[in-house]
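This report concerns only the one structure given below.
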Amino acid sequence: MDFNYTDTQDMLRDTLARFLADTYDFESRKKMIASDAGRDPGIWRALATDLGILSAPFSEEQGGLGGGAIENLIMMEELGKVIAVEPYLQTVVIGGGALKAAGGALADAVIPEIIGGNVIIGFAYAEPKGRYNLANISTTAKKDGAGYVLNGHKAVVYAAPWATHLLVTARTGGSQRERAGVDLFLIDAKSAGITRRDYPTVDGFQASEVYFENVAIPGDALLTGGIDLIEQIVDEATVAVCGEACGVTRKLHEGTLDYSKQRQQFGQPIGRFQVLQHRMADMFLEVEQIMSMTLMATLKLDLPAAERKAMVSLAKAKVSRSAKFVGQNAVQTHGGIGITQELAIGHYFKRATMIEGQFGSADWHLDRYEQLTLSDGT
Amino acid sequence: MNLEFSPEEIAFRDEVRTFIAENYPVELRGKQDEGDELSKEDFLSWHKVLAKKGWVAPAWPVEYGGTGWTPTQRYIWSEETARADCIRLMPFGLTMVGPVIYTFGTPEQKAKFLPRILSGEDWWCQGYSEPGSGSDLASLRTKAVQDGDHYVVNGQKTWTTMAQYADWGFFLVRTNADAKQQEGISFLLVDMKTPGIEVRPIITLGGEHEVNEVWLEDVRVPVENRVYEENKGWTCAKFLLAHERSGIAGVAASKRGVEKIKEIAKTEMDDDRPLLTNPFFRRKVAELEMDLTALEYTELRTLAGEAQGKGPGPESSLLKIKGSEIQQRITELTLEAAGHYGAPYFRGFGEGDNEHPIGPEYANRSAPVYFNVRKTTIYGGSNEIQRNIIAKMVLGL
């Protein structure tokens with residue numbers, strides 16, 4: 001058993017942390033979000049070219065540094081510490097992960113472009129009615145000669161306004177909720193017939209409703225693997241979001257601790273009050289358990305599907321609940337100032353809140369865990 | 001002891017229900033459903049309808065313009081207004097400074113201010129908290145020094161709700177720096193148009209402008225606008241906080257909130273079934289109803305006690321704690337019901353903007369409302385302070 005990071009992994013974390021410390025302070029982040037694009041494209045370029053770290057989770061044959069899920073965890077945790085609005089999850093973890101798993105000519109062509117910072121991917125999987133069931137989709141991809149024709153509406157596609165490509169789940173066969181017949185396509189975001197309604201999200205990102213109307217896509221846009229592949233990459237993404245939660249909740253706890261030492265009421269720092277000491281101790285317990293569950297799930301991503309799903313669900317359920325506890329108590333301990341836009345703490349709280357439901361709420365994941373491990377009553 | 005309404009009470013309920021149906025302003029209908037931010041005119045339109053009817057301040061003594069309703073009638077009133085989705089009235093005049101003025105004020109103050117609170121002519125705000133004085137309110141530093149027949153006030157207040165609209169504010173100020181903290185505070189009524197007052201917005205997490213900083217520089221306030229004796233303002237402040245707490249339970253509004261969650265969860269699909277049939281979600285709704293019923297009957301016992309002459313005491317802290325926690329859980333469940341559509345940040349319809357909302361309508365403001373309502377366990381004396389009050393005043397610890 002070994003929970004140590006390698007020297008290379010430590011170096012990756014240091015490189016990114018130092019870069020973000022220089023570029024991603026609270027005021028700079030505010031300016032990026034307020035700008036027309038809603039981000040600073042220079043940051044992404046620097047991650048790709050100056051730092052060269054978008055290559056971290058890709059194999060050496062693909063031009064990467066030979067890493068994987070642990071590297072993604074490191075990246076997500078550090079990005080979470082500054083509540084970065086960078087499309088790393090969507091582009092590298094999800095898009096890159098799907099291409100790595102599916103392989104083939106499309107992967108060989110696109111992965112170097114991801115590493116080079118030229119490709120940004122939006123993951124169009126959610127639909128207005130489907131909630132968290134990845135197979136409950138009505139977007140269709142009909143075979144048409146050598147290619148397909150795409151029709152449908154995808155909901156809340158993070159990073160879509162910035163995307164060069166969309167990774168789309170669509171039905172090539174089967175009925176509404178059937179697992180068979182769900183496929184994954186990587187398509188040009190500028191394809192004719194795609195329209196978007198763009199909007200900001202409550203946690204500072206940019207997202208879109210994406211509509212496909214008779215969008216003709218080439219046959220080689222299909223990433224083979226079907227629903228099993230989709231579930232695998234969503235599990236990887238779920239664990240990556242847990243990694244982000246490690247950074248976000250760590251900062252919520254630290255910020256609360258600092259504030260409780262500075263804020264004076266009744267002639268003493270409020271951190272001297274036992275009721276707040278116990279609360280901050282409890283927050284600390286939750287942050288540590290978020291870290292433990294995230295590492296556990298990261299190390300189990302290569303297990304057979306049923307075990308992988310069960311353990312990812314257990315982790316995400318715990319992370320969702322703990323993120324809520326840490327976020328709510330961080331705000332409560334700050335008092336009024338915690339609900340304003342003025343302090344960073346409120347912005348971390350907003351992201352923590354969105355993490356709770358991303359890729360499934362605590363209830364949904366506990367339910368999935370129960371069905372996989374407890375349903376036969378033994 | 002019984003829980004039934006009498007025939008007279010049922011007749012009263014029907015009268016109230018009919019009145020609301022016929023008189024609630026058309027332009028307000030459906031507004032709160034969408035979590036809209038309401039304008040000053042919105043708030044005043046309903047206020048004025050009730051003022052005309054004589055129902056705007058049910059709890060006030062009849063001699064000052066109250067209705068003379070029994071606690072049961074007041075309960076029916078709050079039930080019916082919540083049931084009809086009426087907007088709430090701004091509490092700063094009606095349930096905060098009004099009772100302070102009719103309890104502690106001079107005949108001149110009563111004659112001048114109470115009718116204008118009832119009519120809605122004056123919009124009030126509350127100058128209590130300061131940057132360094134939140135939970136420890138008695139440490140406040142805004143200073144008032146007497147100069148002839150005026151006080152000269154200097155300092156800074158914060159979290160002043162809706163001060164951007166206010167005509168008048170009630171302020172706690174320090175008039176004796178040498179006395180023990182609570183004994184050097186006075187209660188002043190301040191015309192917000194007085195030179196030297198500056199109101200600066202504070203924007204909260206959902207993007208709303210509800211609260212403000214109020215800066216006071218050499219603001220001259222006539223001594224006749226002090227309520228009660230000099231240095232005895234803390235008595236008014238404590239009286240007001242107890243009043244504020246009892247209204248803060250918000251039972252009727254929370255009942256309506258739970259009903260809305262049920263309506264949402266009947267139509268919102270959870271994969272292949274309505275969300276309300278999801279056992280986890282349904283259990284949370286049931287638990288909310290359990291706790292809300294416990295709160296409701298605790299409040300009813302308090303109201304009945306009031307009818308027998310027991311003023312709202314430290315027990316009202318219980319109503320504040322449980323009421324605020326329930327309000328938060330309602331927003332939490334609404335956000336959970338919204339699923340993916342909790343994420344889009346939708347600012348409501350602007351003038352002439354006919355764009356459809358993103359996702360189901362209830363989802364549009366679910367996250368901002370959830371963020372905003374974190375305030376309920378903080379304001380009106382944080383829940384930590386309320387628990388201290390119970391420990392000290394009720395339990396004698």
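Just so it is clear, none of the values below were taken in a lab; they were calculated from the coordinates. Being a predicted model, the structure only gives us computed values, none of them experimental. Note: ideal-geometry Cβ built from the backbone for every residue, glycine included; neighbour counts use all protein chains shown.
General remarks:
- Shown here for the range A:1-54: chymotrypsin sites (Phe, Trp or Tyr not before Pro) in loop regions (DSSP other than H, G, I, E, B) with at most 11 other Cβ atoms within 10 Å, namely A:Phe3.
- Percent of C-alpha pairs per 5 Å bin, the range A:128-192, short to long: 4, 17, 27, 26, 16, 9, 1
- Cα centre as origin, Lys/Arg/Asp/Glu Cβ charges: the range B:124-231 dipole, Debye: 140
- Rounded to the nearest 20, the Cβ-based charge dipole of the protein assembly as shown about its Cα centre (Lys and Arg +1, Asp and Glu -1) stands at 1380 debye.
- Here's the picture: charge each Lys and Arg Cβ at +1 and each Asp and Glu Cβ at -1 in the range A:320-378, and of A:Ile339, A:Ser320, A:His365 the one pushed furthest to the positive end of that dipole is A:Ile339.
- Put simply, the amide H of A:Asp144, placed in the peptide plane, has neighbours under 5 Å in A:Val149, leaving out anything fewer than 5 places away on its chain.
- When the charge dipole of chain B is built from unit charges on Cβ atoms (+1 for Lys and Arg, -1 for Asp and Glu) and taken about the Cα centre, the candidate among B:Val56, B:Leu275, B:Pro107 whose Cα reaches farthest toward its positive end is B:Pro107.
- Over the Cα atoms of the range B:248-311, the radius of gyration divided by the Kirkwood radius equals 1.19; this is the Rg/Rh ratio.
- Ordering B:Leu292, A:Leu47 by the number of other Cβ atoms within 10 Å of each residue's own Cβ, fewest first, gives B:Leu292, A:Leu47.
- Crossing angle, helix A:274-299 versus chain A [Cα axis fit, 0-90 degrees, rounded to tens]: 30
- Overall size of chain B from C-alpha positions, given as principal axis extents largest first: 74, 50, 48 Å.
- Magnitude of the charge dipole, chain B, Cβ model with Lys/Arg +1 and Asp/Glu -1, debye to 20: 900
- Per the Debye formula on identical point scatterers at the alpha carbon atoms of the range B:248-394, with no solvent, log10 I(q)/I(0) at q = 0.11, 0.13, 0.17 Å⁻¹ is -0.52, -0.68, -0.98.
- Footprinting exposure proxy for A:Ile114, A:Ile339 (fewest neighbouring C-beta atoms within 10 Å first): A:Ile114, A:Ile339
- On a per residue basis, the convex hull of the C-alpha atoms belonging to chain A measures out at 149 Å³.
- Comparing Cα centroids, the range B:372-390 and the range A:133-167 end up 47 angstrom apart.
- Radius of gyration, Dmax [the range B:162-294; alpha carbons; angstrom]: 22.9, 69
- log10 of Debye I(q)/I(0), alpha-carbon scatterers only, for the protein assembly as shown at 0.07, 0.10, 0.11 Å⁻¹: -0.57, -1.06, -1.22
- Shape annotation for the range B:7-89: C-alpha extents along the principal axes are 35, 28, 18 Å, from largest to smallest.
- Distance from the C-alpha centroid of the range B:292-344 to that of the range A:83-103: 44 Å, rounded to the whole angstrom.
- Remark: relative contact order (the range A:227-373) = 31 percent; criterion is Cα-Cα distance under 8 angstrom and separation of 6 or more residues.
- Value of D in µm² per second that Stokes-Einstein yields for the range A:114-231, Kirkwood Rh from Cα pairs, at 37 °C (0.692 mPa s): 230
- Inter-centroid distance (Cα atoms) of the range B:73-104 relative to the range A:349-369, Å: 38
- Taking the charge dipole of chain B about its Cα centre, with +1 at Lys and Arg Cβ atoms and -1 at Asp and Glu Cβ atoms, the residue from B:Gly206, B:Val251, B:Asn176 reaching farthest to the positive side is B:Asn176.
- Applying both filters, DSSP loop and at most 10 other Cβ atoms within 10 Å, to the GluC sites (Glu not before Pro) of the range A:61-121 gives A:Glu61.
- Between 0 and 90°, nearest 10: helix A:69-81 axis offset from chain A longest Cα axis: 50
- Cα-Cα over 25 Å, subset of A:Lys316/A:Lys350; A:Lys129/A:Lys309; A:Lys129/B:Lys266; A:Lys251/B:Lys375; B:Lys53/B:Lys232: B:Lys53/B:Lys232
- Relative contact order (%) - criterion: Cα under 8 Å, at least six apart; region: the range B:7-89: 39
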